[in-house]
Amino acid sequence: MPGLWGRGMSLLRADNLSLSYGERKVLDGVSLAIEPGEIVTLVGPNGSGKSSLVKLLTGQIRPDAGRVQRKPDLRLGYVPQQLALDPSLPMTVTRFLNLPKRRHPEAIRRAEGETGIMGLGERQVSQLSGGQMQRVLLARALLTSPELLILDEPTQGLDQPGEAAFYLHLERLRDELGCAVFMVSHDLHVVMSASDRVICLNHHICCEGTPHVVSEAPEYRALFGHGTGGALALYQHEHDHSHEHHHDHA
Amino acid sequence: MSIITTMLDDFLVRAALAGVGLAVAAGPLGSFVVWRRMAYFGDATAHAAILGVALALLFSVPVTAGTLVVALAMALAVSALATRGHAMDATLGVLSHSALALGLVAISFVPGVRVDLSAFLFGDILSVTRADLGVIWGGAVLVAALLVWRWSALLTATMSEELAVASGIDPRRERLVLTLALAVVVAVALKVVGALLIAAMLIIPAAAARGLSRTPEAMAGWAVVIGIGAALGGLALSYGADTPTGPSIVVVAAAAFLGVVSVARR
């Protein structure tokens with residue numbers, strides 16, 4: 001597989017995106033490309049335009065200038081920040097995983113296994129905990145056999161070990177499925193080392209590169225300070241353990 | 001064949017068939033109205049039907065056509081406002097009641113024949129003709145087919161517009177489908193329960209069905225069953241106790257809602 005990742009075959013490419021909400025310029029000349037199989041993390045302070053960029057990349061909104069190109073017939077799995085489901089809508093987890101397309105029961109079982117949500121099938125989606133909901137959303141995204149998985153702040157509501165476990169899980173999924181991962185985080189602590197590439201956004205792209213390059217970059221330090229050394233250590237510490245345990249709030 | 005023709009001679013049979021037809025369309029559509037919190041939206045569209053009646057009578061076109069056009073115009077207007085992110089509560093109130101009042105005023109200008117206003121406000125299910133039945137069932141089948149066809153996309157867009165877009169579904173198109181369906185149901189329901197109670201037939205059976213359902217499909221199905229039960233029960237109540245039929249149907253639906261809620265609470 002890795003040998004087939006040719007250059008110039010980006011899954012998704014954004015050229016010079018700009019976006020304003022009224023007077024406020026949210027994104028200014030943002031360009032990026034996502035290559036097959038890589039894990040890219042978008043970091044930036046609150047209000048730096050991260051979510052707007054995700055909305056542009058997934059086609060929710062259109063840019064004022066610039067454009068987004070997808071590989072033809074790109075299979076895109078999208079995990080939104082959160083899903084607030086109106087309790088007036090009855091919906092079991094299994095039914096939700098079959099939306100909008102019916103999936104083969106075997107595929108459902110596999111996705112449930114990969115995300116650790118076996119046995120939740122008959123539960124109502126509106127009654128899931130934050131962590132369970134996140135896993136169900138991930139399972140649903142995996143059912144598209146994605147070439148690219150886009151996650152918007154996937155670990156909101158998880159504690160730090162839970163977060164670390166989630167990222168390691170993503171890394172393993174990437175290795176197993178060969179999909180690229182593009183995710184947003186406002187929390188740099190655990191996310192950095194799980195990424196092949198980090199893009200630091202503050203309305204424009206401040207800096208990008210491997211996690212270590214970015215964490216040393218002056219632009220990054222200007223935004224986030226110096227306090228990430230301990231967090232990287234925490235990640236490495238977690239890495240020594242077995243990751244079979246999931247931090248599930250069942 | 002002759003048995004059916006004979007049965008259709010009976011006004012009670014025609015009334016029952018009209019009620020069942022409405023329930024078939026109102027069950028699934030009403031479920032979406034509940035899920036998407038469009039209750040007031042339904043009200044505004046239904047109230048606009050009175051204006052449609054007035055215009056139809058003034059211009060001597062069929063009442064169903066007039067109702068359909070004006071209800072559709074109202075539904076599209078409300079839908080457009082909603083997409084632009086207006087604060088909807090007051091806007092819907094203004095539109096809904098203005099349309100109703102304007103319709104009532106306009107009807108008073110209809111020359112010649114005295115118009116039986118209460119028939120349009122509260123329905124006149126006992127006077128349903130065979131032609132009315134054709135319109136009611138035609139509309140009901142159209143709406144049900146439309147909703148079945150778009151079901152998965154509608155559900156996905158209802159759960160999350162974000163997820164819908166990521167799956168290649170255009171939420172605006174799905175909203176338009178619901179808007180069209182709502183206008184058709186309003187036009188069809190006018191004869192059965194009247195403009196003031198159309199929204200009730202959308203919301204009450206669906207809300208009652210919620211307590212019995214674990215999936216959206218089950219809820220839509222139960223809403224149809226409860227709607228049919230309300231139509232038949234309301235007819236029986238009206239026949240037995242000489243009460244107005246449209247309101248009797250809604251009263252039975254409300255009783256079903258109360259029953260389900262009190263059982264589900266236990």
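The values are calculated or read from the model by the stated rules, or taken from the named source; none is laboratory data. Remember, it's a predicted structure, so these values are computed and weren't measured experimentally. Using ideal geometry, Cβ is built from the backbone for each residue, glycine included, and neighbour counts are taken over all protein chains shown. Surface accessibility is based on the protein's heavy atoms, side chains included, excluding ligands, DNA and RNA. Shrake-Rupley method; radii C 1.70, N 1.55, O 1.52, S 1.80 Å.
Rounded to the nearest whole Hz, the Karplus-based 3J(HN,Hα) values (6.51 cos²θ - 1.76 cosθ + 1.60, θ = phi - 60°) of the stretch A:164-180 follow the sequence 4, 4, 4, 5, 4, 4, 4, 4, 5, 4, 4, 5, 6, 9, x, 8, 7, with x at glycine and proline.
Mean per-residue shielding of peptide A:92-102 is 4, counting Cβ atoms of other chains within 10 Å of each Cβ. Under the membrane-span-like helix rule (DSSP H runs whose alpha carbons stretch at least 27 Å along the helix axis, mean Kyte-Doolittle hydropathy 0.5 or higher), chain B yields B:11-35, B:39-58, B:63-83, B:88-107, B:130-149, B:171-193, B:216-241, B:245-265. Listed by chain and number, the lysines whose alpha-carbon sits under 27 Å from that of A:LYS25, ignoring those within fewer than 8 places in the same chain, are A:LYS50, A:LYS55. Shape call for the protein assembly as shown from the C-alpha gyration tensor, a ≥ b ≥ c root eigenvalues: rounded (a/c under 1.5), prolate (a/b greater than b/c) or oblate? Prolate is the answer for the protein assembly as shown, as a/c is 1.5 or above and a/b outweighs b/c.
Shielding of peptide B:150-161 by partners, expressed as the average count of other chain Cβ atoms within 10 Å per residue Cβ, is 4. Please give the net charge around B:GLU174, taking every other residue with its beta carbon less than 15 angstrom from that of B:GLU174, where Lys and Arg add +1 and Asp and Glu add -1. Result for the neighbourhood of B:GLU174: +2.
Nearest 5 is fine: what % of DSSP beta bridges in the protein assembly as shown come out antiparallel, could you say? That works out to approximately 50 percent antiparallel. Which of rounded, prolate or oblate describes the stretch A:1-144 when judged by the alpha-carbon gyration tensor and an a/c cut-off of 1.5? It comes out oblate by the Cα gyration axes. For the stretch A:78-186, the antiparallel share of DSSP beta bridges with both residues in that region comes to about 10%.
Given H placed on each backbone N at 1.01 Å, which residues far from A:LEU151 in sequence or on other chains put an amide H within less than 5 Å of it? Answer set, sorted by chain and number: A:VAL79, A:PHE182, A:MET183, A:VAL184.
In terms of its C-alpha gyration tensor, the stretch A:83-145 has a prolate overall shape, because the principal axis ratio a/c (a ≥ b ≥ c, square roots of the eigenvalues) is not below 1.5 and a/b outweighs b/c. When B:PHE11, A:PHE166 are compared by accessible area of protein heavy atoms, the largest-first order is B:PHE11, A:PHE166, using a 1.4 Å probe. With a 10 Å cut-off around each Cβ of B:36-43, the average count of Cβ atoms from other chains is 1.
Using only Cα atoms, locate the centre of the stretch B:153-190 and the centre of the stretch A:20-42, then give the distance between them in Å, rounded to an integer. Between the Cα centres of the stretch B:153-190 and the stretch A:20-42 lies a distance of 30 Å.
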